[in-house]
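Notes follow once the structure below has been shown.
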Amino acid sequence: MRPIVVLVVLMLLVQESAAWAQTAAPESAAEQVTYGAGSVLGTVLYTPLKAGLCALGGAASAFLFFSLYWVLSGRKWFKGPKVMGTPEELRAIERELDELEHGRIHLEDIVPTDLK
């Protein structure tokens, strides 16, 4: 404890007195241009880097959110898409779509008359 008190007293006795800030010599035009160019160059290099880091952070946070959502909740109830219809009904739909695609039938042939 005693060395700390001695150290504090010494710091108070040795401290320098306050001094007025002195004005610096005016900068030349070349120095001003150099500082300006450095500032522009720094901004031009920093902005794409910052944009890339923002995009990376957004992607990482989205990945983390959906990963945690899946681990904590989604995997317990999500079972994937369900097939609606029997295999015969699905084959008939695919056959109609194939015929439409190749021009063998027209849309008017398969749309019910009450929907026209």
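Just one of the numbered conditions (1) assigned to a helix (DSSP H, G or I); (2) of a type outside the set (V, I, T); (3) modelled with pLDDT under 85 is not true of S17; which one?
(1) is the only condition that S17 fails.
Is it true that some residue in segment 61-78 is part of a loop (DSSP other than H, G, I, E, B) and modelled with pLDDT under 90?
Among the residues of segment 61-78, at least one is part of a loop (DSSP other than H, G, I, E, B) and modelled with pLDDT under 90, which makes the answer yes.
Which residues, taken from segment 64-116, are aromatic (F, W, Y) and loosely packed, with under 10 Cβ neighbours inside 10 Å?
Here is the first cut: in segment 64-116, the ones aromatic (F, W, Y) are 65-66, 69-70, 77-78.
Residues satisfying the conditions are W77, F78.
Please indicate, with yes or no, whether at least one residue in segment 28-43 is not acidic (D, E) and not in a helix (DSSP H, G or I).
yes
The values are calculated or read from the model by the stated rules, or taken from the named source; none is laboratory data. In this text the structure is predicted, and so the values were computed from the model without any measurement. Note that each Cβ is placed from the backbone with ideal geometry, even for glycine, and that neighbours are counted across all protein chains shown.
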